[in-house]
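Beneath this line is the structure, given in structure tokens, with notes to follow.
Derivation of every value follows stated rules applied to the coordinates shown; laboratory data play no part. These figures come from a predicted structure and were not determined experimentally. Cβ: placed from backbone, ideal geometry, glycine included. Neighbour counts: every protein chain shown.
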Ligand code: SF4
């Protein structure tokens, strides 16, 4: 089995056993979803889902958030961590998007304050239904263990995955790998004994195996 075949087999196995709809951050219209994803860095999706309820109640769109007092936004997003930077970024991002659509193009998305490739890919996949590879900590760990890539750099991982799987499968692949990382392939003590991918995984659950984060 070559690498392209292996990645597609993994896709098929996890696709069948995963829920049809995988939602980590609550779905929202494009601007609100973008802000939610920016806030999700270094915190849990659950916390973001709580915090954005207050945020969007007061500042539901780009125009409102662009004119929001910085200190007030800091207070609202405080629980997501790194809140000063996040408050600054989401206000500046809102300023860029007053009376504009959220871009559907990765090069335009990453020009926005607070938006890196991971956030941009979330928007491409979730909002625009385009091929997207979301390389977060779970994805990075799982694809390396599986042996689909041997790479730590998120952008290189994204490009490698893009070169091995058709565009139409990429977003779903991101979501099912992410879910697999949360539910089975844990950072510490992955549940290899109950993993559907065990037969084709490069990582063996040997006690002496160093953790491969
Ligand atoms: S066999 Fe173990 S290391 Fe490999 S994907 Fe499954 S849980 Fe992760």
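Residues that are in a helix (DSSP H, G or I) and either in contact (Cβ under 8 Å) with a residue 12 or more places away in the chain or under 12 Å from residue 35 (Cα atoms) (or both) within region 54-63 comprise 54, 55, 56, 58, 62, 63, listed in sequence order.
Yes/no matrix, rows are residues, columns are (1) more than 9 Å from the ligand (Cβ to nearest atom); (2) over 17 Å from the mean Cα position of the chain (by Cα); (3) outside any helix (DSSP H, G or I); (4) surrounded by fewer than 20 Cβ atoms within 10 Å (Cβ to Cβ):
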{"position": "108", "(1), (2), (3), (4)": "yes, yes, no, yes"}
{"position": "150", "(1), (2), (3), (4)": "yes, yes, yes, yes"}
{"position": "169", "(1), (2), (3), (4)": "yes, no, no, yes"}
{"position": "199", "(1), (2), (3), (4)": "no, yes, no, yes"}
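One residue stands out among those in region 185-194 that are surrounded by 11 or more Cβ atoms within 10 Å (Cβ to Cβ) and without any contact (Cβ under 8 Å) to a residue 12 or more places away in the chain: the one that is farthest from the ligand (Cβ to nearest atom), which is 186. Of all residues assigned to region 124-133, none qualifies as being within 16 Å of the ligand (Cβ to nearest atom) and assigned to a helix (DSSP H, G or I).
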